[in-house]
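Below you'll find the structure, written out as structure tokens, and then a few comments.
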Amino acid sequence: MKFWPLLLLLPVALHAQDDMWDDDAWDDDDQKTVWSGYLEAALGTRFDHDPLIDERNTLEDLRWRVESEWQRGRARIGFKADAGYDGIEDDWDADIRDLTVAMSFGDNVDIKLGRQVQTWGTGDLVFLNDLFPKDFVSFFAGRHDEYLKAPGNAIRVTRFSPSVNVDFVWTPVFEPDVYLTGERFSFFSPLAGTNVAPEPPLAADDPDRSFANGEFALRLFRTIAGREYALYAYHGFFKQPTALTPSLQATFAPMTSLGASLRRPVGPGVFNAELSYYLSRDDRSGNDPLLPNGQLRFLAGYEWEAKPNFAVAFQYYLESTLDHDELIDNSPNPQFEPDEHRHLLTNRLTYRAGRDKHTWSLFTFYSPSDSDFYLRPVYSYRHSDQWSVTAGANLFGGDNDHTFFKQLADASNAYLRIRYQY
């Protein structure tokens, strides 16, 4: 395999980086730029062969992260980028995850513009009002959880006030999720009635790259007596290509959402609840089989420290498809349509030992309505402030091939990551 010779270069790179940043670049008066990052080698492989995918491995990465920050007065420039080799795609690549200019105007207005990772909402690996792009391919392959949140080009304005704080994010050009294309994982196609891995890989028809098709996200939030309240609004598109054009090409349907959330202490832990209404703007009656129906989504969760160094968290998630009868009546494949009410239960267990050198965690997804599951056991060992090792698995299964987690059963994998932080 072409990936393994690159691992031999890792010790050389680690030695070379010690002298790389000796010069005081970008010094300005008392401001000194500090460079940091990591070098990481990662390998992931399937437990079983996927007959639609030639490659047995899911992850073959040699990754170099570089990040820094420069600040003077009220202005700050942030930079975070990855470069490396992806053995699955057999190619060198680079990705800028953060290149932003942030400025403060007065004491209560902050503006941040450029390429950045956005996040809000209360869910743990379950997203309702967080409609910023996600990278599910990296997540399922075994990369660090950080890579689930994909970067996008946006302008964010935050205003703080005693009455209510306001977050506004404008993404001028629509940024979809990184979705399953058949290149690394096969996926279920309702049109084919089975899993597919198209060649060339699936490429959805994106909305026209115009300001009119940009995304607008708004959050109003405030903390009162330890309770965190928030209201949300979004205007853009469904983040996954769940619609079809008249020629049956995958595309993104227009969508507007409204939502709210609450987080507050309850007993020994923290309770959170979140609600979101998704309006499918081009299918308000739910009878167009080429477009996704609107949905109502609800989440409730609770987390607490059950014992010293042992944290427990549970979530219940409900996804209700609106106008479900119309969906079934007009669908050419009603047997593959989602249930009117999809239920999902999640559980996170985390145990730390040896002064946090050892961390065991297990995150489980189980849908009683879909009869499918997704398990994420992870063990991390921190040898020092520089060296760490992480081993884990992504385990998928279920009863029906068309459900979200069961379609990935042949993608179940184990992975190992070795990281040097500098």
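The values are calculated or read from the model by the stated rules, or taken from the named source; none is laboratory data. Small disclaimer: the values here were computed from a predicted structure and weren't measured. Quick reminder, even Gly has a Cβ in these numbers, built from the backbone with ideal geometry, and neighbours come from all protein chains shown.
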Just one listed residue, out of Arg342, Arg348, Arg355, is charged (D, E, K, R), touching an Asp or Glu at 6+ places or on another chain (Cβ under 7 Å) and farther than 30 Å from Asn57 by Cα, and it is Arg342
Selection within region 114-127 - closer than 29 Å to Tyr229 by Cβ and buried (at least 16 other Cβ atoms within 10 Å of the Cβ): Gln116, Val117, Gln118, Trp120, Gly121, Thr122, Gly123, Asp124, Val126, Phe127
Check on Thr350, out of contact with any helix residue (DSSP H, G or I) (no Cβ under 7 Å at 6 or more places or on another chain), in a strand (DSSP E or B), in contact (Cβ under 8 Å) with a residue 60 or more places away in the chain and within 26 Å of Arg376 (Cβ to Cβ): no
Check every one of the strands (runs of 3 or more DSSP E) wholly within region 217-295 and list those with 2 or more residues that are more than 28 Å from Pro207 (Cα to Cα) and charged (D, E, K, R). 227-237, 254-266
Residue count, region 305-314, condition buried (at least 16 other Cβ atoms within 10 Å of the Cβ) and farther than 14 Å from Leu362 by Cβ, comes to 0
Go through region 151-181 and report how many residues are under 30 Å from Asn195 (Cβ atoms) and either hydroxyl-bearing (Ser, Thr, Tyr) or touching a helix residue (DSSP H, G or I) at 6+ places or on another chain (Cβ under 8 Å) (or both). 6
Is region 218-236 home to any residue that is surrounded by 18 or more Cβ atoms within 10 Å (Cβ to Cβ), of a type in the set (Ser, Thr, Tyr) and either at pLDDT 95 or above or over 30 Å from Asp329 (Cα atoms) (or both)? yes
The residue that is nearest to Tyr381 (Cα to Cα), considering only those in region 329-347 that are surrounded by 15 or more Cβ atoms within 10 Å (Cβ to Cβ) and hydrophobic (A, V, I, L, M, F, W, C), is Leu344
Just checking, how many residues over region 146-198 are in contact (Cβ under 8 Å) with a residue 12 or more places away in the chain and within 17 Å of Leu59 (Cα to Cα)? 11
Can you find a residue that is touching a helix residue (DSSP H, G or I) at 6+ places or on another chain (Cβ under 7 Å), touching a residue at least 24 places away in the same chain (Cβ under 8 Å) and farther than 29 Å from Leu262 by Cβ anywhere in region 118-136? no
For region 343-366, how many residues are basic (Lys, Arg) and under 14 Å from Ala313 (Cβ atoms)? 1
Answer yes or no: is there a residue in region 85-93 that is at pLDDT 95 or above, surrounded by 13 or more Cβ atoms within 10 Å (Cβ to Cβ), in a strand (DSSP E or B) and among the small types (Gly, Ala, Ser). no
